[in-house]
Structures are given as structure tokens and as C-alpha cells.
Amino acid sequence: MVNVKEVMNTSVIKVKRSTSLRALLDIFKQFHTHPLIPVVDDQDILIGMVYPENLLDILRPQQAKLFRSLPFMEMDQDVFDLDVVPSMGDLIIVDDIMDKHFVVAKETQTIEQAYKHMRMHQKERLAVVDSGGKILGIVGIFDIIWRMFKEKGIA
């Protein structure tokens, strides 16, 4: 069986918790293949994740954040009506917005296990870490699907 390590993308843009919102937005704009950015410490240990939803949370009213996970709640119309201060770009840092509770794939997992893990947690991409928590890459559902087609001789 094929392991996650064999299909993951090792070209990963990472940030530190001290990265400013302005710098983070520049990174998201230039890096569209993975709509998530891992946050690492000085030893490349994964300590958090920034998803597009974390960025939208900056613009959402505080009470709307509570309902973000409910699929029938449509709260995003309000984000266009809020006044945003330009200095927020320098005052807000990744540590303020990163998701500290995140799901990862282990490099030794099979692609089947990783796929099930993604589906269970409703994620399309996962950071891949070694046994010590060091980030090695990112694996997406398409990486897994492509490998399955390759194994069948289609791709």
C-alpha cells in the first residue's frame, strides 16, 4: 500500500506565529495550491494552521464566530459591512488567528487512511508530520485520487 509520504507535496510555505496579517495575506495571495498555511516553531514543529476561515473570522462579528461550524448558518454577508482599520494588517499576527486545534496526517499513514481521516474531519488537505511533529509536506485529496488512478494505469 502507498504511504502519504510518497504522494505529499513537499513544497510547503510556512510561517511563524509572529508573522503579521499583512505578510500572511501576501503569502495566501501568491500560494493558491494549498488554501492552508502551516505555522511552525524554530525547529519546524507544527504548532498551528491558518485556513481561509481564520482570515474571515477577523471580519466577522464576534457572535458569528460561534456559529461558523453550523452548515445552515449563513453569516458571511456581514463581513462586507464592517469597518476595517488598515493598521490591523500590522497589529494582528498569526498567533492571534491561527487554529491551534488541527488535524494532520502522519507520514507513515497509507493514502487510504489519510483519505478516511480527511473525510471524517471534512478537510481537503492535511499537513503531513513525522513522529516528532515536524512538518514534512501537505497532502490533498487530489494527490490521493491521482495516485489511485496512477496505480490503475489511467494517469
Legend entry - Projected label distance in nm at MET1 and LEU25, using a 7 Å step from Cα toward the beta-carbon: 4.4
Inset, instruction - Go ahead and run the numbers for FRET between SER87 and LYS14, Cβ-Cβ distance against an R0 of 35 Å, rounding to 0.05. - result: 0.85
Inset, instruction - Would you mind classifying segment 1-44 by shape? Square roots of the alpha carbon gyration tensor eigenvalues, ordered a ≥ b ≥ c; an a/c under 1.5 is rounded, otherwise it is prolate if a/b is larger than b/c and oblate if not. - result: oblate
Legend entry - Full-extension gain in nm, LEU56 to HIS121, via 0.36 nm per residue minus C-alpha separation: 21.4 nm
Legend entry - Long-range HN-HN contacts of VAL50 with modeled amide H, under 5 Å: ILE37, VAL39, ASP99
Inset, instruction - Please tell me which of these pairs span more than 24 angstrom C-alpha to C-alpha: LYS5/LYS123; LYS16/LYS116; LYS29/LYS152; LYS16/LYS106; LYS14/LYS150? - result: LYS16/LYS116; LYS29/LYS152; LYS14/LYS150
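Only the coordinates and a few stated rules stand behind these numbers; no lab work does. Model, not experiment: these values are computed from the prediction. All Cβ positions, glycine included, derive from the backbone under ideal geometry; neighbour counts span all protein chains shown.
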